[in-house]
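A.B. asks: For reference, the structure I am asking about is given below.
The values are calculated or read from the model by the stated rules, or taken from the named source; none is laboratory data. None of the values given here were measured: they were computed from a predicted structure. Every residue, glycine among them, receives a Cβ derived from its backbone with ideal geometry; neighbour counts consider all protein chains shown.
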Amino acid sequence: MTQESDARVLVPVGESSTLRNTVAYAVRTAREEVDETDGRAAVHFVYPALWRAVEPTRAQKFEQAQELLDRVELWAEEDLGDSDTDTERVDIETAVVGAEEYLFSPADFARVILEYADEHDLGRIVVDPEYQPGGNAPMLRPLEYELTKSDRRVEEAPVERPTRRGGLVGRESLTQYLLVFGASYLFYLTLGGFSGTFDLITGAISAAIVSLVLGQIALKGKPNFRKIPGEVGRLLLYTPYLLWEIAKANVSLAYVILHPRLPIDPKMVQFEAAVWNDLPATTLANSITLTPGTLTVEVSQREFYIHSLTKSSREDLFDGALERAVRFVFYGRAAARIPSPKERGATREGEELSETPNESVTAEGGSD
């Protein structure tokens, strides 16, 4: 790797606790590479898009990405200092990449990053050690592996990370493990039966494996055992309701399929659900997917991106029956009275699959 190529640096960026120090490291090392030459250095900061081209909120997310890049550029200029020589010899550039694509896997992110590096002749890639290209998904190591497949020098910025304290298994995490073990054990025995010693032993082994692997992933925070009996009881009421909704959706979809004109109207839709925490959001997302005619594509905090096959399936979704039922399970009867997504005005339609212009669902109502 030549000194000139080391002085031309690409840095993928995203919100992280170590981003500021990574910017300083990239600028400093690029400047050091050309201190003894008459050449120029360049540091390009790129933000791989985490949104889809059809998302209704893509403009807002693009603005947020641009704000982060503007902040990064100010940091880089601050690190260069007031020296006119350094400013003239080090070029700072920022860009959003992959905005018109659907970036999903580490290979997708690596591809758009390397394409940008090829276009701008950047020979070194500096990676923020806390950078997560997939949002909350742990994709940094796979991304670094994909980047190393190129002929570029890839390095992780040697910056100090925030200390993460705490024992491997504390009292709170032990409670989580025990709860996941109990739920997994009961589920195994319910499916396999309570017929003998073999089922009891194999069920315990399977539940132990599940709890070790998913003990701190399935639950966040200390479980509230006072609320669990009520949630379980309401979940038992929710299950036949969900099965009834699935049956109705199957009949409706069968009618569409058997109709001579095949009256489908596929669209991507988005709504902000009035659910909080991971388990209620996961329950709602899976319930929507289990109901024929709708498919949960992505959940980002409280924003749900749904592919709907027919107009009636969208109307049912926006009427909020499933959302209301999920709120009833996890938050009780009072939460079930929160207005529906349509009443809250929290729904939007993205571009149709046929690439027709965007349409908006207009609805009056208060905000959640």
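Condition check ((1) surrounded by fewer than 14 Cβ atoms within 10 Å (Cβ to Cβ); (2) at pLDDT 80 or above) across all residues:
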residue: R165; (1), (2): yes, no
residue: G170; (1), (2): yes, no
residue: L174; (1), (2): yes, no
residue: Y177; (1), (2): no, yes
residue: F181; (1), (2): no, yes
residue: S184; (1), (2): no, yes
residue: S195; (1), (2): yes, no
residue: F198; (1), (2): yes, yes
residue: S206; (1), (2): no, yes
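A.B. asks: Go through the range 9-61 and count every residue that is at pLDDT below 90, part of a loop (DSSP other than H, G, I, E, B) and either over 19 Å from the mean Cα position of the chain (by Cα) or among the aliphatic types (A, V, I, L, M) (or both).
C.D. replies: Of the residues in that region, 11 qualify.
A.B. asks: Next question, about the same structure. Of these, V210, V275, which one is outside the structural domain of G345 (by TED's automatic domain parsing) and in contact with a Phe, Trp or Tyr (Cβ under 8 Å, 6 or more places away or on another chain)?
C.D. replies: Details: V275 fails: outside the structural domain of G345 (by TED's automatic domain parsing).
So the residue among V210, V275 that is outside the structural domain of G345 (by TED's automatic domain parsing) and in contact with a Phe, Trp or Tyr (Cβ under 8 Å, 6 or more places away or on another chain) is V210.
A.B. asks: Any idea which residue in the range 79-114 is modelled with the lowest pLDDT, counting only those that are of a type in the set (D, E) and part of a helix (DSSP H, G or I)?
C.D. replies: D84
A.B. asks: When the range 230-269 is examined, which residues are found to be surrounded by fewer than 13 Cβ atoms within 10 Å (Cβ to Cβ), hydroxyl-bearing (S, T, Y) and either touching a residue at least 12 places away in the same chain (Cβ under 8 Å) or closer than 30 Å to A334 by Cα (or both)?
C.D. replies: Passing the criteria: only T239.
A.B. asks: With the structure loaded, tell me whether V275 is assigned to a loop (DSSP other than H, G, I, E, B) and over 20 Å from V251 (Cβ atoms) or whether it fails that test. Give the derivation first.
C.D. replies: Numbers: assigned to a loop (DSSP other than H, G, I, E, B): yes; over 20 Å from V251 (Cβ atoms): yes.
Judged against the criteria, V275 is a match.
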